[in-house]
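Notes follow once the structure below has been shown.
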Amino acid sequence: MVGTSHGTGTTIPVQLQSELQWDNPRLVELRERYAATDLPMLSHSWWTQDYLEKTLDLQNFRGDNAYVWQTRHLSDATLHRYFLYARDVADRDELKLFSKLDEDGAFGCWLFHFRQFPALSRDLLDSVNELNFIERHAKVSQLPQLRVLDIGAGYGRLAHRTHSAFSNLADYACLDGIAESSFLCEVYTKFRACDDKVRVVAADELDTLNPGAFDLAINVHSFSEMCLSAIQGWLDLVVKLQIPRLFIIPNDPESFLSVEADDTRIDFLPLIESRGFRLVAKEPAIANSDVRELVGVQDHLCMFQRS
């Protein structure tokens, strides 16, 4: 597969080796259902079938492949860069998630070991960083019941981490326009035993979601990999469900750009603003500017609030 790799320190759970197959009946069913669903959110410009076949390792889906780039482009400086990233995140870990969350490297996830920290991964560091940002700007830990809608939830990375981090989590709905993602999310959240509060809502079941049932919508590196019509469809759903806050991480350092089928990029910030959302907080993923340059991560975390 093009550019993919995975850690070899752990093995795939035996009970799931036969389940994580392309001919799994549940995956086949989801593919057929998504193909028969006429929604703008299922228009794909980046996540095409060709892209999935080239970049997704179904058994090692937490490795460096379609969902999370972990080692590519870092050359021999990989360990140094992860150490710097970890130090920066730890300095802002107000929730003390480094002591609550752990990483076992399951499903091919690359592990990084340092004496100062527990076993680390890109999954863990990104999640600690994102959840602390959400807490700073939405105070979600103070809600009697936290209810989250995750658009483009992938294999359920942030769903799993939110379940472990917040005891007040009541409902976490994982949505995705890719059948393979919904399938893996079902498998992974069940494996992590967080399916008591985390649920996967298939693309043809979006009409089962109720207005007023969510406190926060999340989109991490997902809108930036969609065409404008798909982004518009998801934003219309957020408005229909009356969700007051929207957390977004775009792929571009300063812009909110879609990816169209002809590879053109279109600014989707006007779509967000036209639906009543205003930007209330924006922070670089790495606070220290020198570390930001050395690590090569220029992402910004953005919180929007609907008036």
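Taking each of LYS190/LYS282; LYS139/LYS240; LYS96/LYS282; LYS100/LYS197; LYS190/LYS240 in turn, the alpha-carbon distance tops 27 angstrom for LYS190/LYS282; LYS190/LYS240. Taking 0.36 nm per residue of separation and subtracting the current Cα-Cα distance, fully stretching the chain between ALA35 and ASN251 would add 75.1 nm.
Computed 3J(HN,Hα) for region 251-261, one whole-Hz value per residue from the Karplus formula 6.51 cos²θ - 1.76 cosθ + 1.60 where θ = phi - 60°, is 6, 8, x, 10, 10, 10, 10, 7, 10, 8, 4, glycine and proline marked x. Surface composition of the chain: carbon and sulfur atoms hold 50% of the protein heavy-atom accessible area at a 1.4 Å probe. For GLN242 and ARG115, a Förster radius of 45 Å and the Cβ-Cβ distance give a FRET efficiency of 0.40, rounded to the nearest 0.05. In a fully extended conformation the segment linking ARG265 and ASP91 would gain 59.1 nm over its present Cα-Cα distance, using 0.36 nm per residue. For PHE256, the residues whose modelled amide H falls within less than 5 Å of its own, excluding neighbours fewer than 5 places apart on the same chain, are PHE268, LEU269.
Placing dummy labels 7 Å off each Cα toward the beta-carbon, the span from ASP196 to HIS300 is 4.0 nm. Accessible area per residue for the chain is 43 Å², calculated with a 1.4 Å probe on protein heavy atoms, without ligands, DNA or RNA. Under 5 Å between amide hydrogens, built in the peptide plane, is the criterion, and for VAL148 it picks out ASP171, TYR172, ALA173, ASP215 among residues at least 5 positions away or on other chains. Build a GNM of the chain with springs between Cα atoms under 10 Å apart, and of ASP123, ASP262, ASP176 the one that fluctuates most is ASP262. Taken one residue at a time, the phi angles of region 164-170 give Karplus couplings (6.51, -1.76, 1.60, θ = phi - 60°) of 6, 8, 10, 5, 8, 5, 10 Hz. Gly and Pro are set to x.
The values are calculated or read from the model by the stated rules, or taken from the named source; none is laboratory data. Remember, predicted model here, so these are calculated numbers, not experimental data. Glycine also receives a Cβ, built like all others from the backbone with ideal geometry; neighbour counts cover every protein chain displayed. Protein only, heavy atoms only, side chains kept; ligands, DNA and RNA dropped before computing areas. Shrake-Rupley method; radii C 1.70, N 1.55, O 1.52, S 1.80 Å.
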